[in-house]
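Novice: Quick one: the structure is below, questions incoming.
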Amino acid sequence: MIDIGCGPLGGFVPMLHADGYDAVGIDPQAPEEPHYQRIEFERAELPPQVDALVASTSLHHVADPADVIDRITTTVRSGGAVVIVEWAWEKFDERTAEWCFNRLGRDEEAGWLQRRRDEWLVSGHEWPSYLRGWAEREALHSGDVLLRLLDERLERRALTHGPYFFPDLAGTTEDDEQTAIDAGQIQSTRIDYVGTRR
């Protein structure tokens with residue numbers, strides 16, 4: 001199994017190893033330990049065939065998602081599972097941003113949402129204009145584009161949308177965010193996709 005975007009904490013790799021699976025984590029910030037490659041997925045040395053691959057909030061950052069998804073499909077054996085957790089930044093509308101910004105923690109715990117809020121306030125732009133500009137500067141790919149590319153290359157088995165922001169909000173649970181989504185107060189921006197290689 002391969003975990004793309006495992007991050008500095010190692011993603012799913014420790015849990016998979018504890019359950020007896022052979023797993024490799026790939027991320028430029030991966031732990032400097034065995035079973036990890038500190039490199040971009042595009043340049044990683046991959047096993048010839050794996051049974052499953054997980055990519056957690058990494059595809060919207062890559063330079064060319066079509067090339068990465070093509071590499072994924074050739075790495076996963078026929079019938080193997082591809083699990084994608086992604087973020088649809090284009091659904092991060094002003095109401096959703098306001099809901100998130102009202103739930104930020106103290107300044108000394110500043111994370112990416114705090115930086116977005118602060119940068120937006122300084123910019124003087126309306127939220128939609130700021131968000132588009134930020135996404136263009138970061139070269140982020142939209143959730144819609146990623147889903148289209150995945151569906152062109154894989155057999156879709158499941159697709160759900162859900163809470164995304166709660167880990168970065170003070171005193172806010174996944175259930176809190178889901179309740180706000182269900183009430184129509186905010187957008188659902190997480191994408192959970194499962195596909196198999198044809």
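The values are calculated or read from the model by the stated rules, or taken from the named source; none is laboratory data. In this text, all values refer to a predicted model and were calculated from it rather than measured experimentally. Heads up, the Cβs are rebuilt from the backbone with ideal geometry, glycines too, and the neighbour counts pull from every protein chain shown. To get the accessible areas, we keep the full protein, side chains included, count just its heavy atoms, and leave off ligands, DNA and RNA. Shrake-Rupley method; radii C 1.70, N 1.55, O 1.52, S 1.80 Å.
Novice: Among the numbered criteria (1) surrounded by fewer than 13 Cβ atoms within 10 Å (Cβ to Cβ); (2) touching a residue at least 12 places away in the same chain (Cβ under 8 Å), which one does Ile69 miss?
Specialist: If we test Ile69 against (1) surrounded by fewer than 13 Cβ atoms within 10 Å (Cβ to Cβ); (2) touching a residue at least 12 places away in the same chain (Cβ under 8 Å), just (1) comes out false.
Novice: Working carefully through the options Asp168, Asp151, find the one that is surrounded by fewer than 19 Cβ atoms within 10 Å (Cβ to Cβ) and within 16 Å of the chain's Cα centre (by Cα).
Specialist: Asp168
Novice: Still on this structure: What are the residues in the stretch 169-188 that are out of contact with any Pro (no Cβ under 8 Å at 6 or more places or on another chain) and within 28 Å of Ala52 (Cα to Cα), if any?
Specialist: Hits for the stretch 169-188: nothing passes.
Novice: Kindly indicate the residue of the stretch 99-158 that is among the acidic types (Asp, Glu) and farther than 22 Å from His61 by Cβ and also modelled with the lowest pLDDT among those meeting that condition.
Specialist: Here the answer is Glu108.
Novice: Being of a type in the set (Asp, Glu) and free of Cβ contacts under 8 Å to residues at least 40 places away in the same chain is the filter; apply it to the stretch 1-56 and report the residue that is nearest to Leu146 (Cα to Cα).
Specialist: Here the residue is Glu42.
Novice: Here is a further query. Would you pick out the residues in the stretch 152-187 that are outside any strand (DSSP E or B), in contact (Cβ under 8 Å) with a residue 40 or more places away in the chain, out of contact with any Asp or Glu (no Cβ under 9 Å at 6 or more places or on another chain) and under 28 Å from Asp64 (Cα atoms)?
Specialist: Asp168
Novice: Going through Gly79, Gly124, Gly143, Gly105 one at a time, which residue ends up being under 18 Å from the mean Cα position of the chain (by Cα) and either open to solvent by 40 Å² or more (accessible area, probe 1.4 Å) or touching a residue at least 40 places away in the same chain (Cβ under 8 Å) (or both)?
Specialist: Being under 18 Å from the mean Cα position of the chain (by Cα) and either open to solvent by 40 Å² or more (accessible area, probe 1.4 Å) or touching a residue at least 40 places away in the same chain (Cβ under 8 Å) (or both) holds for just one of Gly79, Gly124, Gly143, Gly105, which is Gly143.
Novice: Is there a residue in the stretch 30-50 that is within 23 Å of Arg157 (Cβ to Cβ), among the β-branched types (Val, Ile, Thr), open to solvent by 40 Å² or more (accessible area, probe 1.4 Å) and modelled with pLDDT of 90 or more?
Specialist: no
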